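See below for the structure under consideration.
The values are calculated or read from the model by the stated rules, or taken from the named source; none is laboratory data. What you see is a predicted model, and the numbers here were worked out from it, not measured in a lab. Neighbour counts are summed over all protein chains in view; Cβ atoms, including those assigned to glycine, are modelled from backbone coordinates with ideal geometry.
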Amino acid sequence: AARLIQLGDNYGMDSITLGVTVSYVLAYNERHPAAPILNGATFGDYEKIRELIIQAGEGKLPEIGKGSMRLSEQMGESSYAYHVKGLELPAYQPETNPGYAWAIAGGHMSMGTYGLLTREGKSDIESWVKGITEEKLQIVGFDMIGLCKFFDIAKGIGTEMVTSCLQSEFGLIVSEEELKAAVKRAFLRGLALELKQGYTKAEFCLPQEVFDNPNHNIQLPCITTSEFIAELEIRVWEIFEPQLENVLKD
């Protein structure tokens, strides 16, 4: 796997988008052994997968270049294309992270809910609503000041350490709450841009396979039942929509 990632990097392709799109091809071929697409690669066939990456990198496979959303729509089978709004999901299992649906950039780069269940053990609706609409969107702040996300992913940039650094290095006096508010405004602007571009609330959703055929290897409380997700969507949009009104007017 590491060699394939390096190969994709050398061609200047994003490893997450590339990996998920290639995985869609493998999953499609696994489901259609009598009529596979592209070179017929399936899971575990290293040489054929490597061939797919090389051909995509050389511009010979526009199907891969379309990404998983457009390719799956072309094939008429979108339920197992692992993306949200056309943006491929990273390694963290969507069964453990319904927050992916509201990410405004990379799923784990703009919505830090990927550890809410797996690390913090939160499986109740209140924790997830608060995580999505308040706490875990703070991960966006790292991009605003050029700070590595591994600095303090759990807390975001609204910390005493960051305010002290801003004051000592730039003479900028700002409170932790002001930083958090600035990050929230930035996140809402990103969300507003998606809506202005034509995305509908129905597109803020996980792949259908997550509900139809969840990963049976995950030994954690199930938080992606239809009932849980329906309630989560209602509660999250009840908070975001009033906050977005002023942003959408700008």
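Report yes if Gly65 is of a type outside the set (A, V, I, L, M) and either surrounded by 21 or more Cβ atoms within 10 Å (Cβ to Cβ) or within 28 Å of Ala27 (Cβ to Cβ) (or both), otherwise no. Yes, satisfied. Scanning for something over 19 Å from the mean Cα position of the chain (by Cα) and either among the charged types (D, E, K, R) or surrounded by 12 or more Cβ atoms within 10 Å (Cβ to Cβ) (or both), does the range 129-144 turn up at least one residue? Taking every residue of the range 129-144 in turn, none turns out to be over 19 Å from the mean Cα position of the chain (by Cα) and either among the charged types (D, E, K, R) or surrounded by 12 or more Cβ atoms within 10 Å (Cβ to Cβ) (or both). Every condition in (1) assigned to a helix (DSSP H, G or I); (2) on the phi > 0 side of the Ramachandran plot is met by Gly40 except one, and the failing one is (1). Remark: Ser23 falls outside the filter, which requires a residue to be outside any loop (DSSP other than H, G, I, E, B), under 15 Å from the mean Cα position of the chain (by Cα) and outside the structural domain of Leu232 (by TED's automatic domain parsing).
Only a single item in (1) under 22 Å from Leu4 (Cα atoms); (2) of a type in the set (A, V, I, L, M); (3) crowded, with 19+ Cβ neighbours inside 10 Å is not met by Ile37, and it is number (3).
Of the residues that sit in the range 145-167 and are within 29 Å of Glu241 (Cβ to Cβ) and hydrophobic (A, V, I, L, M, F, W, C), which one is surrounded by the most Cβ atoms within 10 Å (Cβ to Cβ)? Per the stated criteria, the residue is Ile157. Filtering the range 8-24 down to residues that are more than 13 Å from Gly65 (Cβ to Cβ) and among the hydrophobic types (A, V, I, L, M, F, W, C), which residue is modelled with the highest pLDDT? Ranking the candidates gives Val20 first. Can you tell me how many residues in the range 152-180 are of a type in the set (A, V, I, L, M, F, W, C) and closer than 19 Å to Ala105 by Cα? Looking only at that region, the number is 3. Looking only at residues in the range 83-122 that are in contact (Cβ under 8 Å) with a residue 60 or more places away in the chain and over 13 Å from the mean Cα position of the chain (by Cα), which one is surrounded by the most Cβ atoms within 10 Å (Cβ to Cβ)? By that ranking, first place goes to Leu117. Within the range 202-242, restricting attention to residues that are among the polar types (S, T, N, Q) and surrounded by fewer than 16 Cβ atoms within 10 Å (Cβ to Cβ), the residue that is nearest to the chain's Cα centre (by Cα) is Gln208.
Here Tyr80 clears all of (1) exposed (fewer than 15 other Cβ atoms within 10 Å of the Cβ); (2) in contact with a helix residue (DSSP H, G or I) (Cβ under 6 Å, 6 or more places away or on another chain) except the condition numbered (1).
In summary, helices (runs of 4 or more DSSP H) completely within the range 133-236 and bearing 1 or more residues that are aromatic (Phe, Trp, Tyr) and closer than 19 Å to Thr113 by Cβ occur at 141-145, 176-196, 209-212. Of the candidates Ile64, Ile37, Ile16, Ile53, the single residue that is under 17 Å from the mean Cα position of the chain (by Cα), of a type in the set (Val, Ile, Thr), outside the structural domain of Pro214 (by TED's automatic domain parsing) and farther than 18 Å from Glu203 by Cα is Ile16. Within the range 168-201, being within 18 Å of Met69 (Cβ to Cβ) and exposed (fewer than 12 other Cβ atoms within 10 Å of the Cβ) holds for Gln197, Gly198, Thr200.
Can you pull out the residues in the range 120-132 that are of a type in the set (D, E, K, R) and in a helix (DSSP H, G or I)? Residues satisfying the conditions are Glu126, Lys130.
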